[in-house]
Amino acid sequence: MKRQDEEQGSMQHSEPSRDRRADPAEVARFDRLARDWWDPQGPMKPLHRMNPMRLAFVRDEACARFGRDPRAEAPLDGLTVLDVGCGAGMLAEPLARLGATVKGIDPAPANIAVARGHAAAGGLAIAYTDEAVEDVGERFDIVTAMEVVEHVPSVPRFVQGCCDAVKPGGLLVMATLNRTMKSFALAIVGAEYVLRWLPRGTHDWNRFVTPAELTRAIDQAGLAVDARTGVAFDPLADRWRLSADMAVNYMLTAVRGGSRSVRSA
């Protein structure tokens, strides 16, 4: 696995200007999608399909970290969560229903407006703001950044902001896309052009981040990667599942304080 990460990390990775905390073009694009975010058959359909698997992963990793029972009615009760790049609240809302006190941030104002309205309609008290993670100034038990890092101008700055927001003893959960030929074939050509799961231009392959690169950024920001897992779509079961293959989608956890040995989730 180490050799594979090193080979992938050696691929050329161009990064836009590090002076911006959010890419205006990315923010504008997600602003345009905001009104359709909660439509399970709309442009965010892949996230709707992926969300149960993502939620279960966050819940189980958090319960393992904080000694909770994942089968409890509210296993995250008493824990604080920062959902970075929360969109319209697709992950923030079920985390709140699991008992967590949740804050969601997103640089797209339209996303935040939709998120606030949807949470209010569901009777959920979630704090939503359109600030950058670097400006939050608080620390949380759990910080999630799911499918966000591949959209930011500066990966090191963004990762540093996420890590700074994790309390001592806390947990960081990140999900993104690996920069491999397989991810180009499946996530760009397949998902955007052939299957049309996503609008064309949703992703820029050059911004995909290898596990080695993300691990290095997290390590430099002061946390230790604790677990990594691939994510794959199972066409026979018609659902997303965890996988040993990290060549396309993957998730990882990192902790503030703990072992440096990386386990497979």
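The values are calculated or read from the model by the stated rules, or taken from the named source; none is laboratory data. Keep in mind that this is a model prediction, so the values were computed, not measured. Every residue, glycine among them, receives a Cβ derived from its backbone with ideal geometry; neighbour counts consider all protein chains shown. The area values use the complete protein model at the heavy-atom level, side chains included, leaving out ligands, DNA and RNA. Shrake-Rupley method; radii C 1.70, N 1.55, O 1.52, S 1.80 Å.
For residue 198, the conditions (1) assigned to a loop (DSSP other than H, G, I, E, B); (2) modelled with pLDDT of 80 or more; (3) buried (at least 18 other Cβ atoms within 10 Å of the Cβ) all hold with the exception of (2). Number of residues in the range 79-98 that are out of contact with any strand residue (DSSP E or B) (no Cβ under 8 Å at 6 or more places or on another chain) and open to solvent by 20 Å² or more (accessible area, probe 1.4 Å): the value is 3. Taking the criterion of being more than 21 Å from residue 47 (Cα to Cα), open to solvent by less than 30 Å² (accessible area, probe 1.4 Å) and among the acidic types (Asp, Glu), the only residue of the range 131-160 that qualifies is 141. Could you tell me whether the range 8-22 includes any residue that is crowded, with 20+ Cβ neighbours inside 10 Å, in a helix (DSSP H, G or I) and modelled with pLDDT under 90? Yes; the residues of the range 8-22 include at least one that is crowded, with 20+ Cβ neighbours inside 10 Å, in a helix (DSSP H, G or I) and modelled with pLDDT under 90.
If you filter the range 215-243 down to residues that are at pLDDT below 95 and not in a strand (DSSP E or B), you find that the one that is most open to solvent (accessible area, probe 1.4 Å) is 236. Among the residues of the range 119-128, is there at least one that is buried (at least 23 other Cβ atoms within 10 Å of the Cβ), closer than 19 Å to residue 256 by Cα and not hydrophobic (A, V, I, L, M, F, W, C)? There is no residue in the range 119-128 that is buried (at least 23 other Cβ atoms within 10 Å of the Cβ), closer than 19 Å to residue 256 by Cα and not hydrophobic (A, V, I, L, M, F, W, C). Which of the residues that make up the range 161-183 are touching a Ser or Thr at 6+ places or on another chain (Cβ under 9 Å) and surrounded by fewer than 20 Cβ atoms within 10 Å (Cβ to Cβ)? 167, the sole residue that qualifies.
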